[in-house]
Amino acid sequence: MPSPLPPPGADATLDVDRSDVTYRAWLKEAVRRVQADANRSADTHLLRFPLPEHWNVDLYLKDESTHPTGSLKHRLARSLFLHGLCNGWIRPDRPVIEASSGSTAVSEAYFAKLIGIPFIAVMPRTTSAEKCRLIEFHGGRCHFVDDPRRMYEEAARLAGETGGHYMDQFTYAERATDWRGNNNIAESIFRQLRMERFPVPAWIVATAGTGGTSATLARYVHYMQFDTRICVADPENSVFFDGWTTGEPEPVCEGGSRIEGIGRPRMEPSFLPGAVDRMMKVPDAASVAAVRALERVMGRKAGGSTGTGLWSALKIVAEMVAAGRSGSVVTLLCDPGDRYLDKYYSDAWLAGQGLEIGPYTEVLERVLAGGAWPD
(Lines give C-alpha, C1' and ligand atoms only; values in the text may rest on other atoms or scores of the structure.)
Protein backbone atom coordinates (compact mmCIF):
# COMPACT_ATOMS: atom_id res chain seq x y z
CA MET A 1 0.00 0.00 0.00
CA PRO A 2 1.51 3.41 -0.97
CA SER A 3 2.48 5.85 1.77
CA PRO A 4 -0.25 8.47 2.42
CA LEU A 5 0.53 11.99 1.27
CA PRO A 6 0.64 14.71 3.94
CA PRO A 7 -2.36 17.08 4.16
CA PRO A 8 -2.40 20.24 2.04
CA GLY A 9 -0.20 22.96 3.44
CA ALA A 10 2.22 20.59 5.11
CA ASP A 11 5.69 19.74 3.76
CA ALA A 12 4.98 17.47 0.74
CA THR A 13 8.50 16.04 0.62
CA LEU A 14 8.79 12.27 1.13
CA ASP A 15 12.14 11.54 2.72
CA VAL A 16 13.72 8.17 3.46
CA ASP A 17 17.35 8.20 4.63
CA ARG A 18 19.06 4.81 4.57
CA SER A 19 22.51 6.07 5.44
CA ASP A 20 24.50 3.48 7.36
CA VAL A 21 27.62 4.87 8.98
CA THR A 22 28.89 1.43 9.97
CA TYR A 23 28.48 0.03 6.45
CA ARG A 24 30.12 3.08 4.84
CA ALA A 25 33.12 2.71 7.14
CA TRP A 26 33.40 -0.97 6.16
CA LEU A 27 33.03 -0.09 2.47
CA LYS A 28 35.71 2.59 2.65
CA GLU A 29 38.15 0.16 4.26
CA ALA A 30 37.30 -2.64 1.78
CA VAL A 31 37.93 -0.38 -1.23
CA ARG A 32 41.16 0.87 0.34
CA ARG A 33 42.42 -2.71 0.77
CA VAL A 34 41.64 -3.67 -2.83
CA GLN A 35 43.27 -0.53 -4.22
CA ALA A 36 46.28 -0.98 -1.94
CA ASP A 37 46.79 -4.46 -3.40
CA ALA A 38 47.11 -2.92 -6.87
CA ASN A 39 49.45 -0.25 -5.53
CA ARG A 40 51.76 -2.90 -4.07
CA SER A 41 51.95 -4.87 -7.31
CA ALA A 42 54.50 -4.04 -9.98
CA ASP A 43 53.39 -4.47 -13.57
CA THR A 44 53.71 -7.88 -15.20
CA HIS A 45 56.59 -8.61 -17.57
CA LEU A 46 56.52 -8.54 -21.36
CA LEU A 47 58.66 -11.47 -22.45
CA ARG A 48 60.27 -11.69 -25.88
CA PHE A 49 59.84 -15.02 -27.64
CA PRO A 50 63.11 -15.78 -29.51
CA LEU A 51 62.73 -15.54 -33.28
CA PRO A 52 65.44 -15.05 -35.93
CA GLU A 53 66.37 -11.37 -36.19
CA HIS A 54 66.26 -11.36 -39.98
CA TRP A 55 62.56 -12.25 -39.97
CA ASN A 56 61.88 -8.66 -38.84
CA VAL A 57 58.99 -9.92 -36.76
CA ASP A 58 59.02 -9.80 -32.96
CA LEU A 59 56.78 -11.94 -30.75
CA TYR A 60 56.02 -11.08 -27.13
CA LEU A 61 54.15 -12.79 -24.31
CA LYS A 62 52.55 -10.64 -21.62
CA ASP A 63 53.34 -12.73 -18.53
CA GLU A 64 50.24 -12.48 -16.36
CA SER A 65 51.36 -15.44 -14.24
CA THR A 66 53.36 -13.06 -12.03
CA HIS A 67 50.28 -11.55 -10.38
CA PRO A 68 49.84 -12.36 -6.65
CA THR A 69 47.31 -15.08 -7.52
CA GLY A 70 49.27 -16.29 -10.54
CA SER A 71 47.04 -15.48 -13.50
CA LEU A 72 45.52 -12.97 -15.86
CA LYS A 73 42.31 -13.23 -13.80
CA HIS A 74 43.86 -11.25 -10.94
CA ARG A 75 43.22 -8.04 -12.91
CA LEU A 76 39.64 -9.09 -13.58
CA ALA A 77 38.93 -10.10 -9.99
CA ARG A 78 40.22 -6.76 -8.69
CA SER A 79 37.99 -4.89 -11.14
CA LEU A 80 34.96 -7.05 -10.31
CA PHE A 81 35.39 -6.50 -6.58
CA LEU A 82 35.73 -2.73 -6.98
CA HIS A 83 32.69 -2.77 -9.28
CA GLY A 84 30.62 -4.79 -6.82
CA LEU A 85 31.73 -2.78 -3.78
CA CYS A 86 31.15 0.63 -5.33
CA ASN A 87 27.74 -0.48 -6.65
CA GLY A 88 26.73 -1.51 -3.15
CA TRP A 89 26.32 -5.17 -4.11
CA ILE A 90 29.03 -6.66 -1.88
CA ARG A 91 28.14 -6.43 1.80
CA PRO A 92 29.92 -7.33 5.03
CA ASP A 93 29.57 -10.94 6.24
CA ARG A 94 27.69 -12.00 3.10
CA PRO A 95 29.36 -14.38 0.65
CA VAL A 96 30.45 -13.63 -2.87
CA ILE A 97 29.60 -16.48 -5.23
CA GLU A 98 31.19 -16.98 -8.64
CA ALA A 99 30.77 -19.38 -11.55
CA SER A 100 34.29 -20.19 -12.71
CA SER A 101 36.48 -22.85 -14.26
CA GLY A 102 39.15 -22.07 -11.71
CA SER A 103 41.54 -19.14 -12.16
CA THR A 104 38.98 -16.36 -11.63
CA ALA A 105 37.80 -18.18 -8.53
CA VAL A 106 41.36 -18.36 -7.16
CA SER A 107 41.76 -14.60 -7.60
CA GLU A 108 38.30 -13.78 -6.22
CA ALA A 109 38.93 -15.98 -3.19
CA TYR A 110 42.07 -13.90 -2.58
CA PHE A 111 40.17 -10.59 -2.67
CA ALA A 112 37.30 -11.94 -0.58
CA LYS A 113 39.79 -12.95 2.10
CA LEU A 114 41.47 -9.55 1.78
CA ILE A 115 38.25 -7.75 2.76
CA GLY A 116 37.06 -10.44 5.19
CA ILE A 117 34.00 -11.97 3.53
CA PRO A 118 33.16 -15.60 2.58
CA PHE A 119 33.64 -16.88 -0.97
CA ILE A 120 32.07 -19.82 -2.82
CA ALA A 121 33.30 -21.01 -6.22
CA VAL A 122 30.85 -22.92 -8.42
CA MET A 123 32.99 -25.00 -10.77
CA PRO A 124 32.93 -28.02 -13.08
CA ARG A 125 33.90 -31.22 -11.29
CA THR A 126 36.76 -31.62 -13.79
CA THR A 127 38.57 -28.48 -12.57
CA SER A 128 42.21 -29.21 -11.79
CA ALA A 129 42.99 -30.29 -8.22
CA GLU A 130 45.66 -27.60 -7.92
CA LYS A 131 43.17 -24.81 -8.65
CA CYS A 132 40.79 -26.22 -6.04
CA ARG A 133 43.65 -26.31 -3.54
CA LEU A 134 44.49 -22.66 -4.25
CA ILE A 135 40.86 -21.57 -3.81
CA GLU A 136 40.74 -23.27 -0.43
CA PHE A 137 44.18 -21.89 0.48
CA HIS A 138 42.75 -18.39 0.07
CA GLY A 139 39.78 -19.25 2.28
CA GLY A 140 37.24 -20.04 -0.43
CA ARG A 141 34.92 -23.03 -0.73
CA CYS A 142 34.50 -25.17 -3.85
CA HIS A 143 31.00 -26.16 -4.97
CA PHE A 144 31.05 -28.58 -7.92
CA VAL A 145 28.59 -29.22 -10.74
CA ASP A 146 28.70 -32.16 -13.14
CA ASP A 147 27.39 -30.16 -16.11
CA PRO A 148 29.40 -26.95 -16.80
CA ARG A 149 26.30 -25.36 -18.32
CA ARG A 150 24.64 -25.40 -14.89
CA MET A 151 27.29 -23.20 -13.24
CA TYR A 152 25.37 -20.01 -13.86
CA GLU A 153 22.04 -21.07 -12.41
CA GLU A 154 23.69 -22.85 -9.49
CA ALA A 155 25.70 -19.75 -8.59
CA ALA A 156 22.56 -17.61 -8.76
CA ARG A 157 20.69 -20.13 -6.62
CA LEU A 158 23.39 -20.10 -3.94
CA ALA A 159 23.43 -16.31 -3.90
CA GLY A 160 19.68 -16.21 -3.34
CA GLU A 161 19.84 -18.92 -0.70
CA THR A 162 22.64 -17.26 1.28
CA GLY A 163 21.80 -13.60 0.73
CA GLY A 164 25.16 -13.20 -0.96
CA HIS A 165 26.23 -11.61 -4.24
CA TYR A 166 26.64 -13.57 -7.49
CA MET A 167 29.61 -11.79 -9.06
CA ASP A 168 28.80 -13.08 -12.59
CA GLN A 169 32.12 -12.48 -14.32
CA PHE A 170 30.63 -13.56 -17.65
CA THR A 171 28.28 -10.58 -17.67
CA TYR A 172 30.32 -7.92 -15.90
CA ALA A 173 33.90 -8.53 -17.07
CA GLU A 174 33.78 -5.95 -19.86
CA ARG A 175 31.81 -3.46 -17.73
CA ALA A 176 33.98 -3.63 -14.62
CA THR A 177 37.28 -2.95 -16.42
CA ASP A 178 38.20 0.62 -17.35
CA TRP A 179 39.02 0.04 -21.02
CA ARG A 180 40.15 3.64 -21.66
CA GLY A 181 43.26 3.18 -19.52
CA ASN A 182 43.91 3.22 -15.77
CA ASN A 183 46.78 0.73 -16.21
CA ASN A 184 44.60 -1.93 -17.81
CA ILE A 185 46.35 -4.73 -19.68
CA ALA A 186 46.17 -2.91 -23.04
CA GLU A 187 47.70 0.31 -21.74
CA SER A 188 50.41 -1.73 -20.02
CA ILE A 189 51.33 -3.57 -23.23
CA PHE A 190 51.68 -0.39 -25.26
CA ARG A 191 53.71 1.33 -22.54
CA GLN A 192 56.12 -1.62 -22.37
CA LEU A 193 56.51 -1.72 -26.16
CA ARG A 194 57.34 1.97 -26.38
CA MET A 195 61.11 1.46 -26.78
CA GLU A 196 60.93 -1.65 -28.98
CA ARG A 197 61.69 -1.52 -32.70
CA PHE A 198 58.00 -2.10 -33.54
CA PRO A 199 56.18 -0.27 -30.72
CA VAL A 200 52.68 -0.57 -32.18
CA PRO A 201 51.96 -4.28 -32.67
CA ALA A 202 50.40 -5.49 -35.89
CA TRP A 203 48.33 -8.00 -33.92
CA ILE A 204 47.41 -8.78 -30.33
CA VAL A 205 46.13 -12.32 -29.78
CA ALA A 206 43.82 -13.04 -26.86
CA THR A 207 41.74 -16.02 -25.81
CA ALA A 208 38.14 -15.86 -24.63
CA GLY A 209 36.71 -17.11 -21.35
CA THR A 210 34.48 -14.26 -20.33
CA GLY A 211 35.44 -12.20 -23.39
CA GLY A 212 36.44 -9.31 -21.14
CA THR A 213 40.13 -9.27 -22.08
CA SER A 214 39.52 -9.13 -25.83
CA ALA A 215 36.90 -6.42 -25.24
CA THR A 216 39.36 -4.34 -23.22
CA LEU A 217 42.15 -4.76 -25.77
CA ALA A 218 39.94 -3.97 -28.76
CA ARG A 219 38.24 -0.93 -27.26
CA TYR A 220 41.53 0.53 -26.04
CA VAL A 221 43.11 0.10 -29.49
CA HIS A 222 40.14 1.80 -31.15
CA TYR A 223 40.02 4.58 -28.57
CA MET A 224 43.75 5.32 -28.96
CA GLN A 225 43.47 5.10 -32.77
CA PHE A 226 46.17 2.45 -33.15
CA ASP A 227 46.31 0.27 -36.27
CA THR A 228 46.71 -2.88 -34.16
CA ARG A 229 44.23 -5.64 -34.93
CA ILE A 230 42.76 -8.07 -32.41
CA CYS A 231 42.61 -11.82 -32.95
CA VAL A 232 40.74 -14.13 -30.57
CA ALA A 233 41.76 -17.80 -30.41
CA ASP A 234 39.00 -20.20 -29.39
CA PRO A 235 39.45 -23.85 -28.31
CA GLU A 236 37.31 -26.87 -29.09
CA ASN A 237 33.98 -27.22 -27.23
CA SER A 238 33.39 -23.47 -27.31
CA VAL A 239 30.93 -21.31 -29.21
CA PHE A 240 32.69 -17.95 -29.50
CA PHE A 241 34.13 -18.76 -32.95
CA ASP A 242 30.82 -20.19 -34.17
CA GLY A 243 28.81 -17.22 -32.94
CA TRP A 244 31.30 -14.75 -34.41
CA THR A 245 31.45 -16.40 -37.84
CA THR A 246 27.71 -17.06 -38.24
CA GLY A 247 26.31 -14.04 -36.40
CA GLU A 248 24.02 -16.35 -34.44
CA PRO A 249 23.27 -14.56 -31.14
CA GLU A 250 22.78 -17.63 -28.94
CA PRO A 251 24.94 -20.51 -30.16
CA VAL A 252 25.39 -23.43 -27.77
CA CYS A 253 27.53 -26.54 -27.61
CA GLU A 254 27.47 -29.71 -25.57
CA GLY A 255 30.15 -30.41 -23.00
CA GLY A 256 32.86 -28.21 -21.52
CA SER A 257 36.23 -27.02 -22.75
CA ARG A 258 39.32 -29.09 -22.00
CA ILE A 259 41.38 -25.90 -22.03
CA GLU A 260 40.67 -24.52 -18.57
CA GLY A 261 39.95 -20.81 -18.28
CA ILE A 262 38.75 -20.34 -21.86
CA GLY A 263 36.03 -21.69 -24.10
CA ARG A 264 32.37 -21.48 -23.17
CA PRO A 265 29.21 -23.45 -24.01
CA ARG A 266 27.34 -20.18 -24.68
CA MET A 267 28.20 -16.74 -26.09
CA GLU A 268 28.97 -14.74 -22.95
CA PRO A 269 27.59 -11.19 -22.57
CA SER A 270 31.09 -9.76 -22.01
CA PHE A 271 32.29 -10.95 -25.42
CA LEU A 272 32.01 -8.13 -27.99
CA PRO A 273 32.12 -9.78 -31.42
CA GLY A 274 31.92 -6.49 -33.30
CA ALA A 275 35.17 -5.26 -31.73
CA VAL A 276 37.21 -8.27 -32.87
CA ASP A 277 39.03 -8.39 -36.23
CA ARG A 278 39.78 -12.09 -36.53
CA MET A 279 39.14 -15.42 -34.84
CA MET A 280 40.79 -18.84 -35.02
CA LYS A 281 39.44 -22.20 -33.90
CA VAL A 282 42.41 -24.04 -32.41
CA PRO A 283 42.42 -27.83 -31.85
CA ASP A 284 43.06 -28.74 -28.22
CA ALA A 285 46.00 -30.93 -29.25
CA ALA A 286 47.57 -27.86 -30.92
CA SER A 287 47.17 -25.86 -27.70
CA VAL A 288 48.98 -28.55 -25.72
CA ALA A 289 51.72 -28.83 -28.36
CA ALA A 290 52.24 -25.07 -28.14
CA VAL A 291 52.66 -24.94 -24.35
CA ARG A 292 55.15 -27.77 -24.53
CA ALA A 293 57.01 -25.91 -27.29
CA LEU A 294 57.03 -22.82 -25.04
CA GLU A 295 58.77 -24.83 -22.35
CA ARG A 296 61.37 -26.13 -24.80
CA VAL A 297 62.09 -22.68 -26.22
CA MET A 298 61.83 -20.47 -23.12
CA GLY A 299 61.95 -22.86 -20.18
CA ARG A 300 58.50 -21.73 -19.01
CA LYS A 301 55.54 -23.97 -18.25
CA ALA A 302 52.13 -22.40 -18.87
CA GLY A 303 48.47 -23.37 -18.89
CA GLY A 304 46.56 -24.58 -21.92
CA SER A 305 45.01 -21.19 -22.70
CA THR A 306 48.50 -19.78 -23.26
CA GLY A 307 49.05 -22.53 -25.81
CA THR A 308 45.83 -21.66 -27.66
CA GLY A 309 46.96 -18.05 -28.02
CA LEU A 310 50.58 -18.94 -28.83
CA TRP A 311 49.53 -21.32 -31.64
CA SER A 312 47.50 -18.52 -33.25
CA ALA A 313 50.24 -15.93 -32.71
CA LEU A 314 52.84 -18.14 -34.39
CA LYS A 315 50.48 -18.67 -37.34
CA ILE A 316 50.26 -14.88 -37.71
CA VAL A 317 54.05 -14.57 -37.40
CA ALA A 318 54.47 -17.12 -40.21
CA GLU A 319 52.00 -15.17 -42.39
CA MET A 320 53.96 -11.96 -41.83
CA VAL A 321 57.27 -13.64 -42.65
CA ALA A 322 55.83 -15.17 -45.84
CA ALA A 323 54.46 -11.80 -46.93
CA GLY A 324 57.68 -9.96 -46.08
CA ARG A 325 55.90 -7.75 -43.55
CA SER A 326 57.79 -6.50 -40.50
CA GLY A 327 56.19 -5.77 -37.14
CA SER A 328 55.37 -7.21 -33.76
CA VAL A 329 52.78 -9.63 -32.37
CA VAL A 330 51.69 -9.90 -28.73
CA THR A 331 49.93 -12.75 -26.97
CA LEU A 332 49.37 -13.65 -23.32
CA LEU A 333 50.99 -16.03 -20.86
CA CYS A 334 47.82 -16.48 -18.86
CA ASP A 335 48.83 -18.66 -15.90
CA PRO A 336 51.59 -21.05 -14.80
CA GLY A 337 51.82 -24.64 -15.95
CA ASP A 338 52.33 -26.09 -12.47
CA ARG A 339 48.55 -25.95 -12.08
CA TYR A 340 48.19 -28.45 -14.91
CA LEU A 341 50.94 -31.02 -14.42
CA ASP A 342 48.27 -33.73 -14.26
CA LYS A 343 46.71 -32.52 -17.52
CA TYR A 344 48.62 -30.78 -20.30
CA TYR A 345 51.99 -32.10 -19.16
CA SER A 346 50.75 -35.64 -18.59
CA ASP A 347 51.02 -38.10 -21.47
CA ALA A 348 48.56 -40.37 -19.66
CA TRP A 349 45.96 -37.57 -19.58
CA LEU A 350 46.48 -36.88 -23.29
CA ALA A 351 46.00 -40.56 -24.10
CA GLY A 352 42.84 -40.67 -21.98
CA GLN A 353 41.48 -37.68 -23.88
CA GLY A 354 42.42 -39.12 -27.26
CA LEU A 355 44.69 -36.16 -28.03
CA GLU A 356 47.63 -36.73 -30.40
CA ILE A 357 49.97 -33.74 -30.29
CA GLY A 358 52.70 -35.16 -32.58
CA PRO A 359 51.47 -33.61 -35.86
CA TYR A 360 51.05 -30.19 -34.23
CA THR A 361 54.49 -30.41 -32.65
CA GLU A 362 55.91 -31.00 -36.12
CA VAL A 363 54.11 -27.91 -37.44
CA LEU A 364 55.60 -25.75 -34.70
CA GLU A 365 59.10 -27.15 -35.23
CA ARG A 366 58.89 -26.32 -38.95
CA VAL A 367 57.64 -22.81 -38.24
CA LEU A 368 60.34 -22.06 -35.68
CA ALA A 369 63.04 -23.52 -37.93
CA GLY A 370 62.14 -21.68 -41.13
CA GLY A 371 59.21 -19.35 -40.57
CA ALA A 372 56.86 -21.14 -42.97
CA TRP A 373 53.44 -22.43 -41.94
CA PRO A 374 52.66 -25.76 -43.64
CA ASP A 375 49.93 -25.72 -46.29
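Key figures
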{"quantity": "Portion, in percent, of the accessible area of the chain that falls on carbon or sulfur, probe 1.4 Å", "calculated": "50"}
{"quantity": "Where the stretch 177-271 is the region considered: accessible area per residue in Å², 1.4 Å probe", "calculated": "41"}
{"quantity": "Percent breakdown of C-alpha pair distances by 10 Å bin, ordered from the shortest bin, for the stretch 5-155", "calculated": "10, 30, 25, 16, 10, 6, 2, 1, 0"}
{"quantity": "log10 of Debye I(q)/I(0), alpha-carbon scatterers only, for the chain at 0.12 Å⁻¹", "calculated": "-0.88"}
{"quantity": "Highest average packing first - 261-271, 95-105, Cβ atoms within 10 Å", "calculated": "95-105, 261-271"}
{"quantity": "From the C-alpha gyration tensor of the stretch 24-71, square roots of 5λ in Å", "calculated": "38, 9, 7"}
{"quantity": "Percentage relative contact order, the chain, counting C-alpha pairs under 8 Å, at least six apart", "calculated": "16"}
{"quantity": "Using distinct alpha-carbon pairs, which all enter the 1/r mean, Kirkwood radius of the stretch 127-193 in Å", "calculated": "14.9"}
{"quantity": "The chain - charge dipole about Cα centre, Lys and Arg +1 at Cβ, Asp and Glu -1, debye rounded to 20", "calculated": "860"}
{"quantity": "Candidate aspartates and glutamates - alpha carbon under 12 Å from LYS281, same-chain residues fewer than 8 apart omitted", "calculated": "ASP234, GLU236, ASP242"}
{"quantity": "The chain, helix-only ellipticity at 222 nm - DSSP H runs n ≥ 4, -39,500 (n - 2.57), divided by all residues, nearest 500", "calculated": "-13000 deg cm²/dmol"}
{"quantity": "All Cα pairs of the stretch 63-106, percent lying beyond 15 Å", "calculated": "48"}
{"quantity": "q = 0.10, 0.24 Å⁻¹: log10 I(q)/I(0) that the Debye formula gives for the stretch 264-360, counting C-alpha atoms only", "calculated": "-0.32, -1.29"}
{"quantity": "Histogram of C-alpha separations across the stretch 88-245, 5 Å bin width, %", "calculated": "2, 9, 15, 17, 17, 14, 12, 9, 4, 1, 0, 0"}
{"quantity": "Over 25 Å (Cα to Cα) - which of LYS62/LYS301; LYS28/LYS131; LYS113/LYS343 fall in this group", "calculated": "LYS28/LYS131; LYS113/LYS343"}
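The values are calculated or read from the model by the stated rules, or taken from the named source; none is laboratory data. Please read these numbers as outputs of a predicted model, since none were measured by experiment. Glycine also receives a Cβ, built like all others from the backbone with ideal geometry; neighbour counts cover every protein chain displayed. Surface accessibility is based on the protein's heavy atoms, side chains included, excluding ligands, DNA and RNA. Shrake-Rupley method; radii C 1.70, N 1.55, O 1.52, S 1.80 Å.
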